[in-house]
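Q: My structure is below; once you've seen it, I'll send some questions.
No value in this document is a laboratory result; all are computed from the given coordinates. Every value quoted in this text rests on a predicted model; they were computed, and no experiment measured them. We place every Cβ from the backbone using ideal geometry, glycine too, and count neighbours over all the protein chains shown.
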Amino acid sequence: MLKPASFRDDFAIAAGIDPAFIARKARYAEGGQTLSSEHFTLRCISSASVKDLESVLANSEAVRQDLLGRLDRASLSVGGDAKVRLVFHGTTQEFMAATGQPWWAAAATQGTSIELQPLALLKRRGILLTTVRHEYAHYVIDRLSNGKAPRWLAEGLAAYVAGEAAMLASYKNPHPLSNAEIERRLSQASSPKEMRSLYADCLEAVEKLIRSGGEAAVWRQVATPVRSGQTAPILERTDRLKAGLGIAS
């Protein structure tokens, strides 16, 4: 099985990233702490160490470099360079109120904003950096496709980029669904267990495409609706994957 490079969720500074560019002085203001790097702004509403926040920013920059490299190998790029905003909410209840997501969701991405469950919770579950990686992949996929990529493709590619194959392996459907059926069921899923199974189906479908034509071809497929003028339903960009993988027990 083809596997992307993985990022360990251990708060180590990513290789090749100089933490010196990160604003080391956290701003303690109403609503929590705020730090910035070159391409990200991080706001943490709950208490967290500056070291942990810096590590998230450094790894986010590494994720960005990795995604841009994948696009370059596919002869693609995304225009503009707006900062992405990472918001770690203070409680699950606050996250739910801000995003409209269920308690078992870990994050939701809309535009340039990635809203996440409390940092301490994601760290304790061991999914902090994979969650950020998955969500940033969604951000890139949305920009590349103008929000028109089929959801099964967007979710499967984000899971692939985040290196979540091992977490999803035990939820594979013994009877693979068609892409159209996956798409239909994604819009109706209402439980962590159902989402886990569907995301495993999404990942399997994307891995099949990669085995047959290579990863670069999949990225070009993501960009096809924009290039060809095809229309497709604009997806609601919310991520329920991590609900099944980490938040729900």
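Q: Using a Förster radius of 51 Å, what is the FRET efficiency between GLU38 and ARG124 based on their Cβ-Cβ separation? Nearest 0.05, please. All intermediate terms of the calculation are to be shown ahead of the outcome.
A: Numbers: r = 29 Å, r/R0 = 0.56.
The value I calculate is 0.95.
Q: Would you mind checking which residues have amide H under 5 Å from THR41's amide H? H placed 1.01 Å from N; only 5 or more apart, or other chain.
A: Sorted by chain and number, the residues that satisfy this are VAL84, ARG85, LEU86.
Q: A follow-up question, please. Once phi is turned into ³J(HN,Hα) by the Karplus curve 6.51 cos²θ - 1.76 cosθ + 1.60 with θ = phi - 60°, what whole-Hz value does each residue of segment 127-142 show in order, with x for glycine and proline?
A: Running phi through 6.51 cos²θ - 1.76 cosθ + 1.60 with θ = phi - 60° gives 10, 4, 6, 5, 5, 4, 4, 4, 5, 5, 4, 4, 4, 5, 4, 5 Hz.
Q: Spelling out what I want: for every residue of segment 110-126, take phi, set θ = phi - 60°, compute 6.51 cos²θ - 1.76 cosθ + 1.60 (Karplus), and round to whole Hz; glycine and proline get x.
A: These are the phi-based 3J(HN,Hα) values: 9, x, 9, 10, 10, 9, 10, 5, x, 4, 4, 5, 5, 5, 5, 7, x Hz.
Q: Still on this structure: Fewest Cβ neighbours within 10 Å first, please rank TRP103, TRP152 accordingly.
A: Details: TRP103 13, TRP152 25.
Taking fewest neighbouring Cβ atoms as first place, the list is TRP103, TRP152.
Q: Suppose R0 equals 41 Å; then what is the FRET efficiency for VAL50 and SER75 from their Cβ-Cβ distance, rounded to the nearest 0.05? Show your work: numbers first, answer last.
A: On the way: r = 40 Å, r/R0 = 0.96.
Calculated transfer efficiency: 0.55.
Q: Taking the number of other C-beta atoms within 10 Å as the exposure measure, put TYR199, TYR171 in order starting with the fewest.
A: Working: TYR199 29, TYR171 18.
Going from sparsest to densest Cβ surroundings: TYR171, TYR199.
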